[in-house]
Amino acid sequence: MHWKQIFWLPNILTLSRVIFALPAILLFHSGNLLLSYILFGFIFLTDFLDGMFARRMGLVSELGSILDPVCDKILVLSLFTYFYAIDLVPIWYYGLILLRDISQLTSVPVLLFWKKIQFKVKPKLIPKWGTALNFILLAILPSQYFLPYFLYEILVLDGILYPLLFISASIEIYILVTFLPRFYQIYIGSHDTFE
């Protein structure tokens, strides 16, 4: 892994998700909803742009393949923690997000730095949908600040939010159940790729 790769445009875009998360949260918390939504939009867009630029510029790297999901998880944990703190996320869903993302985040230093085990990250379709649903939920959760409450209750709570929470929770459980055995396989050296 070459650490100079961190300065490649795709990796800078990936890191920007973490860098801009706190300013976006602070803007939202202080009532600057429009600016916070613009910043959130940019943050979510970088998840698409970093991979696109990496492929088009021939800058796909091991570092980028690990950095991308790590930054996604830090972002998701940060935003869901904030939204949980202001009562926008149910505790059962927040607990599931914590369990899944912290499990996956702690695997990186354990494998790379403690055990000195190199691994690859090549997510399949279901984990990609899991992250996409996280981002969709994070965009929908604060909509109560923009919509009249009766519209929010009918359209968002009953129509979109709860069904998406249950679909997302099912995916989170699936990812967690498949991740733990794969972590063990990588840990003992019988596999080298998280999928």
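Looking only at the range 77-129, residues that are surrounded by 13 or more Cβ atoms within 10 Å (Cβ to Cβ) and acidic (D, E) come to 1 in all. Pairs meeting the criteria (first residue in the range 181-192 and touching a residue at least 60 places away in the same chain (Cβ under 8 Å), second residue aromatic (F, W, Y) and outside any helix (DSSP H, G or I), beta carbons under 9 Å, at least 6 apart or on different chains) are F183/F194; I186/F119; I186/F194; D192/F119. Of all residues in the range 14-36, those satisfying the criterion of being without any contact (Cβ under 8 Å) to a residue 12 or more places away in the chain and part of a helix (DSSP H, G or I) are I19, L26, L34, L35. What about I91, is it among the β-branched types (V, I, T) and within 17 Å of the chain's Cα centre (by Cα)? Here the answer is no, as I91 does not meet what is asked. Checked against the criterion of being touching a residue at least 24 places away in the same chain (Cβ under 8 Å) and of a type in the set (D, E, K, R), the range 51-59 contains not a single residue that satisfies it.
From the list Y184, Y149, pick out the single residue that is surrounded by fewer than 17 Cβ atoms within 10 Å (Cβ to Cβ) and more than 30 Å from F40 (Cα to Cα). It is Y184. Of these, S78, S65, which one is in contact (Cβ under 8 Å) with a residue 24 or more places away in the chain, within 18 Å of W129 (Cα to Cα) and either in a helix (DSSP H, G or I) or touching a His at 6+ places or on another chain (Cβ under 8 Å) (or both)? It is S65. Considering the range 140-195, and only residues there that are within 25 Å of N32 (Cβ to Cβ) and outside any helix (DSSP H, G or I), the residue that is nearest to the chain's Cα centre (by Cα) turns out to be F146.
Restricting attention to the range 22-59 and to residues that are surrounded by 13 or more Cβ atoms within 10 Å (Cβ to Cβ) and closer than 30 Å to I117 by Cα, the residue that is nearest to the chain's Cα centre (by Cα) turns out to be D47.
Throughout, read-outs are computed from the coordinates displayed, never taken from laboratory work. On a predicted model such as this, the values are computed, not experimentally measured, just so you know. Neighbour counts are summed over all protein chains in view; Cβ atoms, including those assigned to glycine, are modelled from backbone coordinates with ideal geometry.
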